[in-house]
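Worksheet for the structure shown next.
The values are calculated or read from the model by the stated rules, or taken from the named source; none is laboratory data. No experiment lies behind these values; they were computed from the predicted model shown. With ideal geometry, Cβ positions are generated from the backbone for all residues, glycine too; neighbour counts draw on all protein chains shown.
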Amino acid sequence: MTKRIYLDYAATAPTDPEVLKAMEPYFSERFGNPSSIHAFGQEAKKGMEDARVQLADFLGARPEEIIFTSGGTESNNHAVIGTAYAQKDKGNHIITSRIEHHAVSEPLKFLAKQGFEVTEIAVDKEGLVDPADVKKAITSKTILISIMHANNEIGTIQPVAEIGSIARQKGVYFHTDAVQTVGHIPVNVDELKADMLSLSAHKFYGPKGVGALYIRKGTRVENFLRGGDQEKGRRASTQNTPGIVGLGAAIELCRRKMAEEAAFQSGLRDRLIAGLQAKISDIRLNGHPLKRLPNNVNFSIRYIEGESMLLNLDMLGIAVSTGSACTSTSLEPSHVLLAIGLPHDIAHGSLRFTMGRWTTEDDINAVLEHLPPVVEKLRAMSPLYDKK
Ligand SMILES: *Cc1c(COP(=O)(O)O)cnc(C)c1O
């Protein structure tokens, strides 16, 4: 196979050529520091502020409610640690789910070592959080609820608006990690009732290393990086103007293309799901069948290892994932697959396919052609399959 096929868009996406074009002048003639008063500074600042308006429009937010960050991880750290510290006087209890990205669960572990109490809400076998469980977990000490919008491994979309309503009724801040949804499905901070929302440009065809945190006006959040007064003092350091302009251009492209892309990708998704189910025995679709990202397919294929399938597909020029890229170097099965109730051996045999702007029908056909013989070959060598 000569053409390489990329089906790992949930890990990262290429920067759209139009985005790259929009960024280029901010590396060269418009290189100024956006904090400078002179003309060089002012034209850099204009690019940055235009991007802030583009992003705010997309989210239904006000530009002054957007802070630019270095990506999804920083946004999540800022939201979670920042609200915990700012509300120490009010309480020490935080509610989250068992299937959060490590960029939320690790900052929470950091807080737990400092006396904060963290309740992890279980999910059902399709990966859904029940809002009633969130409601029951709230105490007089609860200061934050952080539940992701859609899961990066299994694609399940959470009932975030309902959770946000509960949080608001109880006067508790609500943060959502929307890194997998922004640019792919509609995300409106008022509809979701989010007080804070994280996003990352490289997941929607912008550059890596730049993201944003939406903070609703009036929300108490400790500043994250201390230094100069960039981003109204909430996040010091000279802004990444080329990256921010790229984020703005990327969200603008998504605004125009999103509905059509989601419809096309969900068609590919459903064809891939049906095709693999027809061609391979003993497989299980992970995640919710309907409340699901338009570009996500995740299967457990019994009796064999996800890594072996991944490497075999890679040799054929097809790039997929066995879980989230962050866990692909560890031997522990994904915490998400364990949380939906899969036993270790089945969780180990999982593959994730995530599609994007440049995925074609032919790419899906190639998977349907090449994966079944790979599975057959690996099962023929598998002692587990023998005993079946
Ligand atoms: C990718 C991802 C992150 C991390 O974003 P970075 O910009 O890579 O730091 C956080 N949460 C989710 C759900 C993600 O998919």
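Taking residue 347 as the residue in question, decide whether it is surrounded by fewer than 20 Cβ atoms within 10 Å (Cβ to Cβ), in contact (Cβ under 8 Å) with a residue 24 or more places away in the chain and either touching a strand residue (DSSP E or B) at 6+ places or on another chain (Cβ under 8 Å) or closer than 14 Å to residue 265 by Cβ (or both).
Values: surrounded by fewer than 20 Cβ atoms within 10 Å (Cβ to Cβ): no; in contact (Cβ under 8 Å) with a residue 24 or more places away in the chain: yes; either touching a strand residue (DSSP E or B) at 6+ places or on another chain (Cβ under 8 Å) or closer than 14 Å to residue 265 by Cβ (or both): yes.
Judged against the criteria, residue 347 is not a match.
Listed by position, the helices (runs of 4 or more DSSP H) enclosed by the stretch 68-176 that each have at least 1 residues that are among the basic types (Lys, Arg) and more than 16 Å from the ligand (Cβ to nearest atom) are 131-137, 160-169.
For the stretch 210-233, filtered to residues that are free of Cβ contacts under 8 Å to residues at least 60 places away in the same chain and not in a loop (DSSP other than H, G, I, E, B), the residue that is nearest to the ligand (Cβ to nearest atom) is 225. Quick one: would you say residue 204 is modelled with pLDDT of 95 or more, under 29 Å from residue 24 (Cα atoms) and either in contact with a Cys (Cβ under 8 Å, 6 or more places away or on another chain) or away from the ligand (no atom under 14 Å from the Cβ) (or both)? Judged against the criteria, residue 204 is a match. Among helices (runs of 4 or more DSSP H) entirely within the stretch 338-388, having at least 3 residues that are under 15 Å from residue 318 (Cβ atoms) singles out 361-381. You will find that of 70, 97, 28, 35, the residue that is polar (S, T, N, Q), touching a residue at least 60 places away in the same chain (Cβ under 8 Å) and farther than 24 Å from residue 149 by Cα is 35 and no other.
Taking the criterion of being part of a loop (DSSP other than H, G, I, E, B) and farther than 16 Å from residue 249 by Cβ, would at least one residue in the stretch 46-60 satisfy it?
Filtering the stretch 46-60 down to residues part of a loop (DSSP other than H, G, I, E, B) leaves 60.
If we keep only those that are farther than 16 Å from residue 249 by Cβ as well, we get 60.
Within the stretch 46-60, one or more residues are part of a loop (DSSP other than H, G, I, E, B) and farther than 16 Å from residue 249 by Cβ.
Among the residues making up the stretch 135-174, those that are among the polar types (S, T, N, Q) and crowded, with 18+ Cβ neighbours inside 10 Å are 142, 146, 151, 152, 156, 158. Among the residues of the stretch 271-294, those identified as under 23 Å from residue 374 (Cα atoms) and within 21 Å of the chain's Cα centre (by Cα) are 285, 286.
Taken over the stretch 234-275, the criterion of being surrounded by fewer than 16 Cβ atoms within 10 Å (Cβ to Cβ) and free of Cβ contacts under 8 Å to residues at least 24 places away in the same chain is satisfied by 236, 237, 256, 259, 260, 267, 270, 274. Across the stretch 188-209, a minimum of one residue is classified as in contact with an Asp or Glu (Cβ under 6 Å, 6 or more places away or on another chain), touching a residue at least 40 places away in the same chain (Cβ under 8 Å), crowded, with 24+ Cβ neighbours inside 10 Å and not aromatic (Phe, Trp, Tyr). Screening residue 3 with (1) in contact with a helix residue (DSSP H, G or I) (Cβ under 8 Å, 6 or more places away or on another chain); (2) surrounded by fewer than 15 Cβ atoms within 10 Å (Cβ to Cβ) gives one miss only, at (1).
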